[in-house]
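Asker: Attaching a single structure in C-alpha coordinates format; questions to follow.
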Amino acid sequence: MPPPRRGPGRRVLFLLLALLLPSPPPARAPAPPGPAAALLQALGLRDAPRDAPTPRPVPPVMWHLFRRRDPQESRTNLRRTPPGATLRPCHLEELGVAGNIVRHVLDRGAPARPPEPASAAGHCPEWTVVFDLSAVEPAERPSRARLELRFAAAEATAGGWELSVARAAEGAGPGPVLLRQAVLALGTPVRAELLGAAWARNASAPRSLRLSLALRPRVPAACARLAEASLLLATLDPRLCHPLARPRREAEPAVGGGAGGACRARRLYVSFREVGWHRWVIAPRGFLANYCQGQCALPAALSGPGGPPALNHAVLRALMHAAAPGAAGLPCCVPARLSPISVLFFDNSDNVVLRHYEDMVVDECGCR
(Lines give C-alpha, C1' and ligand atoms only; values in the text may rest on other atoms or scores of the structure.)
Protein backbone atom coordinates (compact mmCIF):
# COMPACT_ATOMS: atom_id res chain seq x y z
CA MET A 1 0.00 0.00 0.00
CA PRO A 2 1.50 3.39 -0.94
CA PRO A 3 2.09 5.79 1.98
CA PRO A 4 -0.64 8.43 2.56
CA ARG A 5 -0.15 11.71 0.77
CA ARG A 6 0.94 14.51 3.04
CA GLY A 7 -0.42 18.05 2.84
CA PRO A 8 1.65 21.02 1.62
CA GLY A 9 4.84 21.61 3.54
CA ARG A 10 5.45 24.62 5.73
CA ARG A 11 7.24 26.56 2.99
CA VAL A 12 4.42 26.01 0.50
CA LEU A 13 1.81 27.18 3.01
CA PHE A 14 3.89 30.27 3.86
CA LEU A 15 4.03 31.16 0.18
CA LEU A 16 0.29 30.60 -0.26
CA LEU A 17 -0.59 32.77 2.71
CA ALA A 18 1.86 35.46 1.66
CA LEU A 19 0.00 35.70 -1.64
CA LEU A 20 -3.48 35.55 -0.08
CA LEU A 21 -3.16 37.92 2.87
CA PRO A 22 -3.44 41.60 1.93
CA SER A 23 -0.57 43.90 2.83
CA PRO A 24 -0.33 47.66 2.24
CA PRO A 25 1.87 48.60 -0.73
CA PRO A 26 5.22 50.17 0.26
CA ALA A 27 5.91 53.82 -0.49
CA ARG A 28 8.88 52.81 -2.63
CA ALA A 29 9.82 49.53 -4.23
CA PRO A 30 12.31 47.84 -1.90
CA ALA A 31 13.14 44.18 -2.08
CA PRO A 32 9.98 42.18 -1.30
CA PRO A 33 9.85 40.74 2.24
CA GLY A 34 10.11 37.03 2.82
CA PRO A 35 6.97 34.93 3.35
CA ALA A 36 7.19 35.07 7.17
CA ALA A 37 7.64 38.86 7.14
CA ALA A 38 4.68 39.25 4.76
CA LEU A 39 2.48 37.21 7.12
CA LEU A 40 3.48 39.29 10.13
CA GLN A 41 2.85 42.49 8.18
CA ALA A 42 -0.61 41.27 7.20
CA LEU A 43 -1.42 40.63 10.87
CA GLY A 44 -0.20 44.08 11.88
CA LEU A 45 2.82 42.67 13.76
CA ARG A 46 6.18 44.34 13.25
CA ASP A 47 8.13 41.42 14.72
CA ALA A 48 7.34 37.83 15.54
CA PRO A 49 6.53 37.37 19.24
CA ARG A 50 9.72 36.34 20.96
CA ASP A 51 7.98 34.20 23.55
CA ALA A 52 4.58 32.63 23.95
CA PRO A 53 1.94 35.20 24.99
CA THR A 54 1.23 35.56 28.68
CA PRO A 55 -1.78 33.34 29.36
CA ARG A 56 -4.86 35.38 30.18
CA PRO A 57 -8.56 34.90 29.57
CA VAL A 58 -9.93 36.27 26.32
CA PRO A 59 -12.53 38.96 27.16
CA PRO A 60 -16.10 37.82 26.40
CA VAL A 61 -16.68 40.84 24.16
CA MET A 62 -13.82 39.71 21.90
CA TRP A 63 -15.21 36.16 21.65
CA HIS A 64 -18.63 37.60 20.86
CA LEU A 65 -17.25 39.84 18.13
CA PHE A 66 -15.23 37.01 16.60
CA ARG A 67 -18.13 34.57 16.53
CA ARG A 68 -20.36 37.18 14.95
CA ARG A 69 -17.84 38.26 12.32
CA ASP A 70 -16.41 34.88 11.37
CA PRO A 71 -18.53 33.38 8.54
CA GLN A 72 -17.84 29.78 9.58
CA GLU A 73 -18.93 30.49 13.15
CA SER A 74 -22.03 32.29 11.88
CA ARG A 75 -23.05 29.25 9.82
CA THR A 76 -22.35 26.79 12.65
CA ASN A 77 -24.16 28.84 15.30
CA LEU A 78 -27.20 30.13 13.49
CA ARG A 79 -28.72 31.43 16.71
CA ARG A 80 -26.07 34.17 16.84
CA THR A 81 -27.03 35.56 13.45
CA PRO A 82 -30.74 36.28 12.76
CA PRO A 83 -32.16 34.65 9.62
CA GLY A 84 -31.67 36.80 6.56
CA ALA A 85 -29.22 39.12 8.33
CA THR A 86 -26.21 40.24 6.29
CA LEU A 87 -23.17 41.63 8.03
CA ARG A 88 -22.06 44.87 6.44
CA PRO A 89 -18.40 44.94 5.50
CA CYS A 90 -16.23 47.20 7.63
CA HIS A 91 -18.99 47.71 10.18
CA LEU A 92 -19.19 46.38 13.74
CA GLU A 93 -22.88 45.90 14.45
CA GLU A 94 -22.35 45.08 18.13
CA LEU A 95 -20.51 48.35 18.73
CA GLY A 96 -22.61 50.36 16.28
CA VAL A 97 -19.59 51.86 14.48
CA ALA A 98 -17.53 51.37 11.35
CA GLY A 99 -14.43 49.24 11.74
CA ASN A 100 -12.54 46.09 10.78
CA ILE A 101 -10.00 45.91 13.64
CA VAL A 102 -10.79 45.68 17.36
CA ARG A 103 -8.16 45.68 20.11
CA HIS A 104 -8.59 44.91 23.80
CA VAL A 105 -5.73 46.80 25.47
CA LEU A 106 -4.81 46.19 29.10
CA ASP A 107 -3.56 48.87 31.50
CA ARG A 108 0.26 48.85 31.50
CA GLY A 109 0.48 51.05 34.57
CA ALA A 110 -1.05 48.53 36.97
CA PRO A 111 2.16 46.57 37.79
CA ALA A 112 4.03 49.77 38.72
CA ARG A 113 1.14 51.30 40.66
CA PRO A 114 1.89 51.49 44.40
CA PRO A 115 -0.62 50.11 46.93
CA GLU A 116 -3.52 52.45 47.33
CA PRO A 117 -3.33 54.56 50.46
CA ALA A 118 -6.26 54.81 52.78
CA SER A 119 -8.54 57.77 52.25
CA ALA A 120 -7.64 60.80 54.28
CA ALA A 121 -10.06 63.55 55.25
CA GLY A 122 -12.66 62.18 52.85
CA HIS A 123 -10.32 62.20 49.81
CA CYS A 124 -10.20 59.02 47.76
CA PRO A 125 -7.03 58.03 45.87
CA GLU A 126 -6.51 58.64 42.16
CA TRP A 127 -5.12 56.11 39.68
CA THR A 128 -2.88 56.49 36.64
CA VAL A 129 -3.58 54.08 33.79
CA VAL A 130 -1.38 53.65 30.71
CA PHE A 131 -2.44 52.11 27.40
CA ASP A 132 0.17 51.23 24.77
CA LEU A 133 -1.31 52.00 21.32
CA SER A 134 1.94 51.88 19.36
CA ALA A 135 0.67 48.90 17.29
CA VAL A 136 -2.10 51.05 15.75
CA GLU A 137 -1.13 52.01 12.20
CA PRO A 138 -1.35 55.70 11.16
CA ALA A 139 -3.81 54.75 8.39
CA GLU A 140 -6.31 53.37 10.93
CA ARG A 141 -9.12 55.70 11.95
CA PRO A 142 -10.54 55.09 15.44
CA SER A 143 -14.32 54.77 15.59
CA ARG A 144 -14.68 53.78 19.25
CA ALA A 145 -12.39 54.06 22.29
CA ARG A 146 -14.27 52.61 25.25
CA LEU A 147 -12.63 52.76 28.66
CA GLU A 148 -13.75 49.89 30.89
CA LEU A 149 -13.11 49.90 34.64
CA ARG A 150 -13.73 47.17 37.17
CA PHE A 151 -13.80 48.08 40.83
CA ALA A 152 -13.52 45.89 43.90
CA ALA A 153 -16.73 45.34 45.83
CA ALA A 154 -17.83 48.46 47.63
CA GLU A 155 -20.85 49.34 49.67
CA ALA A 156 -23.63 51.00 47.75
CA THR A 157 -24.11 54.67 48.45
CA ALA A 158 -27.35 56.57 48.17
CA GLY A 159 -25.94 59.20 45.82
CA GLY A 160 -23.60 56.96 43.81
CA TRP A 161 -20.21 58.10 42.56
CA GLU A 162 -18.70 60.52 40.08
CA LEU A 163 -15.96 59.36 37.69
CA SER A 164 -13.54 61.93 36.32
CA VAL A 165 -10.92 61.24 33.65
CA ALA A 166 -7.98 63.58 33.03
CA ARG A 167 -4.87 63.49 30.89
CA ALA A 168 -1.77 62.57 32.94
CA ALA A 169 1.76 63.55 32.01
CA GLU A 170 4.59 61.33 33.18
CA GLY A 171 6.18 62.75 36.33
CA ALA A 172 3.49 65.40 36.69
CA GLY A 173 0.05 65.68 38.19
CA PRO A 174 -3.23 65.29 36.34
CA GLY A 175 -4.09 67.83 33.68
CA PRO A 176 -7.49 69.29 32.79
CA VAL A 177 -10.45 66.96 33.21
CA LEU A 178 -11.48 65.36 29.91
CA LEU A 179 -14.85 64.01 31.03
CA ARG A 180 -17.04 63.49 34.07
CA GLN A 181 -19.90 61.06 34.40
CA ALA A 182 -22.16 59.72 37.11
CA VAL A 183 -21.82 56.10 38.26
CA LEU A 184 -24.80 54.52 39.96
CA ALA A 185 -23.34 51.12 40.87
CA LEU A 186 -19.98 49.36 40.87
CA GLY A 187 -21.21 45.78 40.58
CA THR A 188 -20.88 45.92 36.77
CA PRO A 189 -18.03 47.37 34.69
CA VAL A 190 -17.98 51.15 34.41
CA ARG A 191 -17.63 52.31 30.79
CA ALA A 192 -16.71 55.71 29.38
CA GLU A 193 -16.27 56.77 25.75
CA LEU A 194 -12.93 58.52 25.21
CA LEU A 195 -13.15 59.25 21.50
CA GLY A 196 -13.75 62.96 21.10
CA ALA A 197 -12.58 63.59 24.66
CA ALA A 198 -9.06 62.13 24.84
CA TRP A 199 -8.34 62.91 21.16
CA ALA A 200 -10.22 64.26 18.15
CA ARG A 201 -12.59 61.94 16.30
CA ASN A 202 -10.95 62.52 12.91
CA ALA A 203 -7.39 62.05 14.22
CA SER A 204 -5.31 58.89 14.44
CA ALA A 205 -4.80 57.25 17.83
CA PRO A 206 -1.88 58.42 19.97
CA ARG A 207 1.12 56.14 20.47
CA SER A 208 0.41 56.00 24.18
CA LEU A 209 -2.53 57.08 26.28
CA ARG A 210 -1.87 58.05 29.90
CA LEU A 211 -4.89 58.96 32.02
CA SER A 212 -5.58 59.95 35.60
CA LEU A 213 -8.79 58.50 37.07
CA ALA A 214 -10.74 59.50 40.14
CA LEU A 215 -13.91 57.94 41.55
CA ARG A 216 -15.47 59.95 44.36
CA PRO A 217 -18.64 59.16 46.31
CA ARG A 218 -21.28 61.86 46.12
CA VAL A 219 -21.88 61.51 49.85
CA PRO A 220 -19.31 60.56 52.51
CA ALA A 221 -18.66 56.84 52.14
CA ALA A 222 -15.88 54.29 51.80
CA CYS A 223 -13.62 54.64 48.77
CA ALA A 224 -13.61 52.03 46.01
CA ARG A 225 -10.51 50.19 44.77
CA LEU A 226 -9.64 49.91 41.08
CA ALA A 227 -9.26 46.22 40.19
CA GLU A 228 -8.73 46.39 36.40
CA ALA A 229 -8.68 48.93 33.59
CA SER A 230 -8.81 48.20 29.86
CA LEU A 231 -9.47 49.97 26.58
CA LEU A 232 -11.61 48.59 23.75
CA LEU A 233 -10.37 50.31 20.60
CA ALA A 234 -12.19 49.86 17.28
CA THR A 235 -10.54 51.21 14.13
CA LEU A 236 -11.22 51.24 10.42
CA ASP A 237 -8.34 50.46 8.08
CA PRO A 238 -9.59 51.41 4.58
CA ARG A 239 -6.86 49.28 3.00
CA LEU A 240 -8.62 46.16 4.31
CA CYS A 241 -12.12 47.35 3.46
CA HIS A 242 -14.20 46.45 0.42
CA PRO A 243 -17.37 48.39 -0.45
CA LEU A 244 -19.50 45.38 -1.40
CA ALA A 245 -20.48 42.46 0.83
CA ARG A 246 -19.64 38.99 -0.46
CA PRO A 247 -21.76 36.51 1.50
CA ARG A 248 -20.36 33.00 1.62
CA ARG A 249 -22.23 30.31 -0.24
CA GLU A 250 -23.22 27.11 1.50
CA ALA A 251 -21.85 24.87 -1.26
CA GLU A 252 -18.55 23.18 -0.44
CA PRO A 253 -15.75 23.25 -3.05
CA ALA A 254 -14.97 20.11 -4.93
CA VAL A 255 -12.50 17.78 -3.22
CA GLY A 256 -9.36 16.93 -5.11
CA GLY A 257 -6.46 18.75 -6.69
CA GLY A 258 -6.15 17.09 -10.08
CA ALA A 259 -5.52 19.36 -13.05
CA GLY A 260 -8.13 17.63 -15.22
CA GLY A 261 -11.77 18.54 -15.44
CA ALA A 262 -13.62 21.79 -15.67
CA CYS A 263 -12.67 24.96 -13.86
CA ARG A 264 -13.84 24.79 -10.25
CA ALA A 265 -12.80 25.49 -6.66
CA ARG A 266 -10.48 22.87 -5.15
CA ARG A 267 -10.21 22.26 -1.44
CA LEU A 268 -7.15 23.62 0.42
CA TYR A 269 -7.11 23.87 4.22
CA VAL A 270 -4.45 26.05 5.85
CA SER A 271 -3.54 25.12 9.42
CA PHE A 272 -2.10 27.88 11.59
CA ARG A 273 -0.15 25.26 13.54
CA GLU A 274 1.52 24.14 10.32
CA VAL A 275 2.81 27.66 9.63
CA GLY A 276 3.85 28.25 13.25
CA TRP A 277 1.09 30.71 14.24
CA HIS A 278 -0.53 28.54 16.91
CA ARG A 279 1.43 30.25 19.71
CA TRP A 280 -0.39 33.55 19.30
CA VAL A 281 -3.46 32.85 17.13
CA ILE A 282 -6.44 32.26 19.42
CA ALA A 283 -9.03 31.41 16.77
CA PRO A 284 -9.62 29.92 14.31
CA ARG A 285 -7.21 26.98 14.17
CA GLY A 286 -7.07 27.35 10.39
CA PHE A 287 -9.24 28.20 7.43
CA LEU A 288 -10.36 26.73 4.14
CA ALA A 289 -8.52 28.92 1.64
CA ASN A 290 -9.22 26.82 -1.50
CA TYR A 291 -7.88 27.59 -4.97
CA CYS A 292 -9.05 27.50 -8.60
CA GLN A 293 -7.96 24.88 -11.10
CA GLY A 294 -9.35 23.29 -14.25
CA GLN A 295 -9.87 23.69 -17.96
CA CYS A 296 -11.65 26.61 -19.58
CA ALA A 297 -12.10 25.09 -23.04
CA LEU A 298 -15.61 24.60 -24.42
CA PRO A 299 -17.98 23.55 -22.93
CA ALA A 300 -16.26 24.20 -19.56
CA ALA A 301 -16.10 27.95 -20.28
CA LEU A 302 -19.90 28.04 -20.29
CA SER A 303 -21.22 28.30 -16.75
CA GLY A 304 -23.49 25.53 -15.53
CA PRO A 305 -26.74 25.99 -13.57
CA GLY A 306 -26.11 27.80 -10.30
CA GLY A 307 -22.53 28.68 -11.19
CA PRO A 308 -21.02 32.11 -11.75
CA PRO A 309 -22.08 33.82 -14.98
CA ALA A 310 -19.57 33.37 -17.78
CA LEU A 311 -18.05 36.48 -19.29
CA ASN A 312 -18.81 36.97 -22.96
CA HIS A 313 -15.14 37.58 -23.62
CA ALA A 314 -14.19 34.26 -21.99
CA VAL A 315 -16.70 32.41 -24.18
CA LEU A 316 -15.41 34.28 -27.24
CA ARG A 317 -11.81 33.29 -26.46
CA ALA A 318 -12.84 29.66 -25.93
CA LEU A 319 -14.64 29.68 -29.31
CA MET A 320 -11.63 31.23 -31.05
CA HIS A 321 -9.33 28.65 -29.45
CA ALA A 322 -11.60 25.81 -30.58
CA ALA A 323 -11.63 27.14 -34.16
CA ALA A 324 -7.94 28.12 -34.34
CA PRO A 325 -5.88 26.94 -31.33
CA GLY A 326 -2.93 29.14 -32.23
CA ALA A 327 -4.92 32.33 -32.65
CA ALA A 328 -5.94 32.87 -29.02
CA GLY A 329 -5.16 31.33 -25.68
CA LEU A 330 -7.78 29.83 -23.43
CA PRO A 331 -9.41 31.86 -20.64
CA CYS A 332 -7.96 31.43 -17.16
CA CYS A 333 -9.61 29.66 -14.23
CA VAL A 334 -9.77 32.36 -11.52
CA PRO A 335 -11.82 33.11 -8.36
CA ALA A 336 -15.30 34.41 -9.16
CA ARG A 337 -16.56 34.70 -5.58
CA LEU A 338 -14.52 35.18 -2.41
CA SER A 339 -15.49 35.50 1.23
CA PRO A 340 -13.79 36.89 4.33
CA ILE A 341 -12.30 35.44 7.50
CA SER A 342 -11.70 36.88 10.98
CA VAL A 343 -8.61 36.16 13.07
CA LEU A 344 -8.42 36.57 16.85
CA PHE A 345 -4.86 36.72 18.17
CA PHE A 346 -2.42 38.12 20.73
CA ASP A 347 -0.10 40.89 19.54
CA ASN A 348 3.43 41.59 20.79
CA SER A 349 2.04 43.42 23.84
CA ASP A 350 -0.25 40.51 24.80
CA ASN A 351 -3.29 42.54 23.77
CA VAL A 352 -6.17 40.64 22.19
CA VAL A 353 -6.75 41.76 18.58
CA LEU A 354 -9.55 40.91 16.15
CA ARG A 355 -8.84 41.61 12.48
CA HIS A 356 -11.24 41.06 9.61
CA TYR A 357 -9.82 40.14 6.19
CA GLU A 358 -11.85 40.38 3.00
CA ASP A 359 -11.42 38.05 0.00
CA MET A 360 -9.58 35.25 1.83
CA VAL A 361 -11.63 32.16 0.89
CA VAL A 362 -12.33 31.03 -2.67
CA ASP A 363 -15.99 29.97 -2.85
CA GLU A 364 -16.50 29.85 -6.63
CA CYS A 365 -14.28 29.82 -9.70
CA GLY A 366 -14.98 30.91 -13.25
CA CYS A 367 -13.33 31.41 -16.61
CA ARG A 368 -12.04 34.90 -17.22
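Asker: Of 241, 367, which has the most accessible area and how do the rest follow, probe 1.4 Å?
Answerer: Listed by decreasing accessible area, they come as 241, 367.
Asker: Using protein chains only and a probe of 1.4 angstrom, how many square angstrom of residue 62 are accessible, to the nearest 10?
Answerer: Per-residue accessible area (residue 62): approximately 0 Å².
Asker: To continue, here is another question. Less than 9 Å Cβ to Cβ from residue 193, Lys/Arg counted +1 and Asp/Glu -1: what total charge do the surrounding residues give?
Answerer: Result for the neighbourhood of residue 193: +3.
Asker: How large is the accessible surface of residue 136 in square angstrom, using a 1.4 angstrom probe and rounding to the nearest 10?
Answerer: 10 Å²
Asker: I've got another one for you. For residue 269, tell me the accessible area in Å² from a 1.4 Å probe, rounded to the nearest 10.
Answerer: 110 Å²
The values are calculated or read from the model by the stated rules, or taken from the named source; none is laboratory data. Note that the structure is a prediction, hence the values are computed from the model and not measured. All Cβ positions, even for glycine, are placed from backbone atoms using ideal geometry, and neighbour counts span all protein chains on display. We work out accessible area using only protein heavy atoms, side chains counted, and drop any ligands, DNA or RNA first. Shrake-Rupley method; radii C 1.70, N 1.55, O 1.52, S 1.80 Å.
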